[in-house]
Amino acid sequence: MFRLSPLASFPLRFSAYALSLLGLIVSLIGLTFADADWGWGVLVFGLLTALGTYDVCQRGRTVSRNYPILAHLRYNLESFGPEIRQYFIQSDTEEVPFSREQRRLIYQRAKNVSDKRPFGSLHHMRHPGYEWMSPSLAPAHIDPSSLRLTVGAERAKPYSASVFNISAMSFGALSANAISALNDGACEGGFYHDTGEGAISPYHRRGGDLVWEIGSGYFGCRNEAGDFDPERFRENARDNAVRMIEIKLSQGAKPGHGGILPGAKVTEEIASTRGVPPGRDVISPAAHTAFTTPRELIDFIVRLRELAGDKPVGIKLAIGPPWEWFAIVKAMLDTGEHPDFVVVDGGEGGTGAAPLEFINRLGMPLDEALLLVHNTLVGAGLRDRVCLAAAGKLVNAFDIARAMALGADWCNAARGFIFALGCIQARSCHTDRCPSGVATQDTLRGSRLDVPTKAHRVASFHANTVAALAEMLGAAGLHHSSELGPEHISHRLTRHEVKSFAELHDFLTPGELLVGGAERHPVFRDYWESASADSFAPPETLAKLRDSKLY
Ligand SMILES: Cc1cc2nc3c(=O)[nH]c(=O)nc-3n(C[C@H](O)[C@H](O)[C@H](O)COP(=O)(O)O)c2cc1C
């Protein structure tokens, strides 16, 4: 980042302003007594002097008051900094949050151009953390179109899902054209498009399969007070395009945060989509009002399923303290009911806008979260009835394969698909000035995104990624993604030590938790028995300990 030199102290720091003023005076004299060419000097120095005067008089930016005119150099460099680093400095494999290598692959797959690389890997295979998939001497062939699975097999309207889908992003966070292109792409490629919590907009109704996400704001199914409205829910949920319902409990990038859409952004269109008054702030509370305990959550799932005409209903969550997730599974066991699917969102997930601490430090990263959820469902004997999806920086075939090795049945991508729409990772989603017209409500910027071109790119990114996955699985000697297990992925711990995921991680056996097996696994030993279907609260012993301050 550009720093002003310590030499530029008073009066040097006013030199640009002083020189501009001097230039203006000289130009004015020249214009008066010599020829008209001095007019250019008057114009240039006049503008600079006006800028300097504004800098000195304004109160918002201290740096500008101290360094009139010069400070703009700093502000401009600061705002171009990410682009400069991105284009000139950053290495191909550095992730900020997505590396150039990751993005280039997405762009190539989206544009249907060759994604092949010459010469060899850029990765350091001897460095700790390096991971790879084991190839087989008996490779198989997989038809990419076979990489699907049935979600909600017990339901009247089960859904055949692709192993790779568009993760939740609302109309409001994304532009109308971006939503339209995602939906058209999903329709062309035969995969699903998650609406995000901002309800089903007209741009979602273009033929693509929808997973309708219900967040704590109940957009599209709320009454005037902002609570859940069953009749409005039934109306939308029975739409043929809606294939599954997803209750959003939390999101990896900002768990427990809720959100606010400022009144200025609540246009007539967004208001009618979400079922809120236009021009007024729209609040998504941090917590749901339709349920407060794990048991009530399961009851709510059952209720939504009935209202939706027996379509699959699932939950999306970021994992916090293990006892809260255990409590949900206890409620499944107690009631004999369960969600049809669980989407685990890793702490590395993205968002349109969230506080830095939430983005960086709140919530469990995907690997640990996925493993915990998978293990609990296996241990509780529910894994064969509850499908498991994962989201969190999964953009290529290996990312998907390693998530599957940790328990996922399918994967979702949000940012991967917006790269396919042309996102350049400018990270200005929260400013409404997204340069690629993806994450903005500025109609001029958004309208520059060409829907047919980008829709085809979305479909191509999906098709080429799934084809790459099919090839990888085939090279490992597998015939379907469901055959993938932790034994197929290896992880380098040190220069001389390597373990497969099967050796590295602790896996529960089916039904183990039902027969006292929790004792054999650390997290389960500590929190499984005490978790209750009726509360998200920590175990009583833990609460007492904290109260006593005796630690
Ligand atoms: C612009 C943007 C908007 C998002 N909006 C939502 C949302 O409405 N609901 C939700 O559950 N997740 C939302 N997410 C999170 C994604 O659905 C996803 O879970 C997360 O970004 C991880 O996936 P990724 O790493 O592929 O982006 C949003 C993410 C982005 C980037």
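The values are calculated or read from the model by the stated rules, or taken from the named source; none is laboratory data. Since the structure is predicted, the reported quantities are computational estimates derived from the model, not experimental observations. As a convention, Cβ positions derive from the backbone with ideal geometry for all residues, glycine included, and neighbour counts pool all protein chains shown.
Quick notes on this structure:
- Residue in the stretch 223-230 that is surrounded by fewer than 19 Cβ atoms within 10 Å (Cβ to Cβ), in contact with a strand residue (DSSP E or B) (Cβ under 8 Å, 6 or more places away or on another chain) and assigned by TED's automatic domain parsing to the domain that holds HIS430 present: yes
- Residue satisfying all of: in the stretch 106-129; closer than 19 Å to ALA420 by Cα and modelled with pLDDT under 90; surrounded by the fewest Cβ atoms within 10 Å (Cβ to Cβ) among these: LYS116
- The lone exception for SER201 - which of (1) free of Cβ contacts under 8 Å to residues at least 40 places away in the same chain; (2) within 14 Å of GLY275 (Cβ to Cβ) it fails: (1)
- Single condition THR376 does not satisfy, out of (1) among the hydroxyl-bearing types (Ser, Thr, Tyr); (2) crowded, with 22+ Cβ neighbours inside 10 Å; (3) at pLDDT below 95: (3)
- Considering SER460, SER482, the condition of being part of a helix (DSSP H, G or I), polar (S, T, N, Q) and crowded, with 19+ Cβ neighbours inside 10 Å is satisfied by SER460 alone.
- Within the stretch 336-385, the residues that satisfy the criterion of being in a helix (DSSP H, G or I), of a type in the set (D, E, K, R) and either touching a residue at least 40 places away in the same chain (Cβ under 8 Å) or within 15 Å of the ligand (Cβ to nearest atom) (or both) are ASP367, GLU368.
- Scanning the stretch 386-419 for residues that are over 13 Å from the mean Cα position of the chain (by Cα) and either within 23 Å of ALA354 (Cα to Cα) or assigned to a loop (DSSP other than H, G, I, E, B) (or both), we see that the one that is farthest from the ligand (Cβ to nearest atom) is VAL386.
Listed here are the residues, each with its yes/no results for (1) under 27 Å from the mean Cα position of the chain (by Cα); (2) free of Cβ contacts under 8 Å to residues at least 12 places away in the same chain.
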residue: MET472; (1), (2): yes, no
residue: SER481; (1), (2): yes, no
residue: LEU493; (1), (2): no, no
residue: SER535; (1), (2): no, no
residue: LEU545; (1), (2): no, yes
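- A single entry from LYS316, LYS330 fulfils the requirement of being at pLDDT 95 or above, over 17 Å from PRO158 (Cα atoms) and away from the ligand (no atom under 14 Å from the Cβ): LYS330.
- Within the stretch 329-344, not a single residue is crowded, with 18+ Cβ neighbours inside 10 Å and more than 30 Å from ARG234 (Cβ to Cβ).
- Across the stretch 306-328, the qualifying residues are those that are crowded, with 23+ Cβ neighbours inside 10 Å and part of a helix (DSSP H, G or I), and the one among them that is nearest to the chain's Cα centre (by Cα) is TRP325.
- Taking every residue in the stretch 128-151 that is assigned by TED's automatic domain parsing to the domain that holds ALA468 and pairing it with any residue that is in a strand (DSSP E or B) and of a type in the set (A, V, I, L, M), at least 6 positions away or on another chain, the pairs with Cβ-Cβ distances below 7 Å are ARG148/ALA161; LEU149/ALA161; VAL151/ALA161; VAL151/MET244.
- Just so you know, in the stretch 420-429 the residues that are part of a loop (DSSP other than H, G, I, E, B) and within 12 Å of the ligand (Cβ to nearest atom) include one that is surrounded by the most Cβ atoms within 10 Å (Cβ to Cβ), and it is LEU421.
- Count of the stretch 169-193 residues, restricted to those that are buried (at least 24 other Cβ atoms within 10 Å of the Cβ) and part of a loop (DSSP other than H, G, I, E, B), is 6.
- From the list TYR192, TYR218, the lone residue that is more than 10 Å from the ligand (Cβ to nearest atom) and closer than 15 Å to ASN236 by Cβ is TYR218.
- Scan the stretch 154-182 for residues that are away from the ligand (no atom under 16 Å from the Cβ) and free of Cβ contacts under 8 Å to residues at least 60 places away in the same chain and the total you get is 1.
- Boolean, ILE270 is surrounded by 20 or more Cβ atoms within 10 Å (Cβ to Cβ), hydrophobic (A, V, I, L, M, F, W, C) and either farther than 24 Å from ASN177 by Cβ or at pLDDT 95 or above (or both): no
- Those residues of the stretch 510-528 which are part of a loop (DSSP other than H, G, I, E, B) and under 33 Å from the mean Cα position of the chain (by Cα), in sequence order: PRO510, GLY511, HIS521, TRP528
- On the stretch given as the stretch 494-547, residues that are of a type in the set (Val, Ile, Thr) and closer than 21 Å to GLY379 by Cα total 3.
- Index of the failed condition, ASP506 passing every other in (1) modelled with pLDDT of 95 or more; (2) part of a loop (DSSP other than H, G, I, E, B); (3) more than 29 Å from the chain's Cα centre (by Cα); (4) surrounded by fewer than 18 Cβ atoms within 10 Å (Cβ to Cβ): (3)
- Remark: ASP432 falls outside the filter, which requires a residue to be within 16 Å of the ligand (Cβ to nearest atom) and without any contact (Cβ under 8 Å) to a residue 24 or more places away in the chain.
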